Amino acid sequence: MKNYLNFETDIKNLENELEKLKDPFNQEGLSEVDTKKISKTQEEIDEKLRNIYENLDPWQITLVARHEDRPKSKFFIDNLFNDFVLLEGDRYYGEDKSVITGFAKFKGQSVLIIGQEKGDSLDTRIERNFGMMRPEGYRKTIRLMKLADKFNIPIISFIDTPGAYPGVGAEERGQAEAIAKSIECCMELKVPTLSIVIGEGGSGGAIALASSNKVLMLENAIYSVISPEGCATILWRDPKKMLDAAKAMKLSSKDLYELNIIDEIIPEPLGGAHRDRDAILLSVKDSISKNLSFFKGMTSEDILNHRKNKFLKIGRDKGFIDNPESLSATQSSSVKIQEIFNSKKNILFFVIAILFFIIILGLAL
């Protein structure tokens, strides 16, 4: 049974009609399939889907990103990678089922896979804690990321979480510290790292694993510092203003790409990724292959500097730096500071000279 969003009522009615046309013997008086009407109805469905999904507002995109039939991390792991070996436990406290981790092969190349998993049924959602990671989950990923870095193995992360788990137990076990350590670990890695936001990329729960060389997003995914409902509650004390919040937060893939927060938008099939899983699987596979190839021939220092530059440039003007690409170059910080000081010193000398000239002119008069 298909699940429809509240703005897909017309599509639901048309698809129900289409199902009846394809099975005419359930309707009294019909004995053959009306192929012309089926084709016409299918064209009408496609046209409505196109019109709706080309004009989604940010809140509707949020609903699509949360769609319960949307492909989850486990689906991509099962279908994109070979010889996957599941690894569990943080060696401190226990196992966190909300994140799937392990080594696998992608087109013959060894990779580390990290996937935040929401689950696809009520039982699995409860088991996976709806994709909300606890401290032990982040510590598990840190352990494995360091292992991958040691053996020069690229890391691929699938991001899909409303945020880190806010429970008392998680806070007692150091949730904030675990997230901070995870971000620090991601930034220090010397192997290529790819993060793909496949659904929700919520708050620190997402950025803890998405501090990568390349951050990719599915077309109808979202990536934000807080949920639209949470933002509306804080700013307007009214969770019903989630549309205003979603617009202001710039959480869609198009907005984030324009702001240079993400590196690539992976297109989805007409009507969202949940309508054609094979098509989205192929798109993600091509994107991973292309982005892994980007780092071939780069040294470990090049990869590290590429990641540093990416995050240092976000929301930043040039200032005294002529080339933003050199923000994390290997030259010493003292040399950079000296360059800035010299440029300021020249400006100061020029200003003093003008003032001196004005004073001399005043005395002469």
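FYI, it's all coordinate maths here, none of it is from the lab. No experiment lies behind these values; they were computed from the predicted model shown. Counting neighbours? That spans all protein chains shown, and the Cβs are built from the backbone with ideal geometry, glycine included.
Table for the structure above
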{"item": "Spherically averaged projected area in nm², based on the convex hull that wraps the Cα atoms of the stretch 182-304", "result": "8.5 nm²"}
{"item": "Sparsely packed trypsin sites (Lys or Arg not before Pro) within the stretch 150-257, loop by DSSP, other Cβ within 10 Å at most 11", "result": "R237"}
{"item": "Rounded to whole Å, sorted largest first: equivalent-ellipsoid semi-axes of the stretch 1-124, Cα gyration tensor", "result": "41, 18, 15"}
{"item": "FRET E, pair I352, N82, Förster distance 41 Å, beta-carbon r, rounded to 0.05", "result": "0.05"}
{"item": "From phi via Karplus (6.51, -1.76, 1.60), per-residue ³J(HN,Hα) for the stretch 91-100 in Hz, x at Gly/Pro", "result": "6, 10, 10, x, 9, 10, 6, 6, 9, 9"}
{"item": "The chain: relative contact order in percent, alpha carbon pairs under 8 Å with at least 6 residues between", "result": "13 percent"}
{"item": "Charged-residue dipole, Cβ positions (Lys, Arg, Asp, Glu), the chain about Cα centre, Debye nearest 20", "result": "1480 debye"}
{"item": "Acute angle (nearest 10 degrees) that the helix 175-188 long axis makes with the longest principal axis of the chain, alpha-carbon atoms", "result": "70 degrees"}
{"item": "Over the stretch 229-291: Kirkwood hydrodynamic radius from C-alpha pairwise inverse distances, Å", "result": "13.9 Å"}
{"item": "Kirkwood Rh and Cα Rg combined as Rg over Rh, evaluated for the stretch 114-268", "result": "0.97"}
{"item": "Rel. contact order, % - alpha carbon contacts under 8 angstrom, at least six apart, the stretch 1-147", "result": "17 percent"}
{"item": "The stretch 117-256 - charge dipole about Cα centre, Lys and Arg +1 at Cβ, Asp and Glu -1, debye rounded to 20", "result": "260 debye"}
{"item": "Under Karplus coefficients 6.51, -1.76 and 1.60, residue-wise ³J(HN,Hα) of the stretch 271-283 in Hz, glycine/proline x", "result": "x, x, 4, 6, 8, 8, 5, 5, 5, 5, 4, 5, 5"}
{"item": "Distant-in-sequence amide H partners of I100 (H built 1.01 Å from N, under 5 Å)", "result": "G115, Q116, E117"}
{"item": "Rel. contact order, % - alpha carbon contacts under 8 angstrom, at least six apart, the stretch 167-312", "result": "23 percent"}
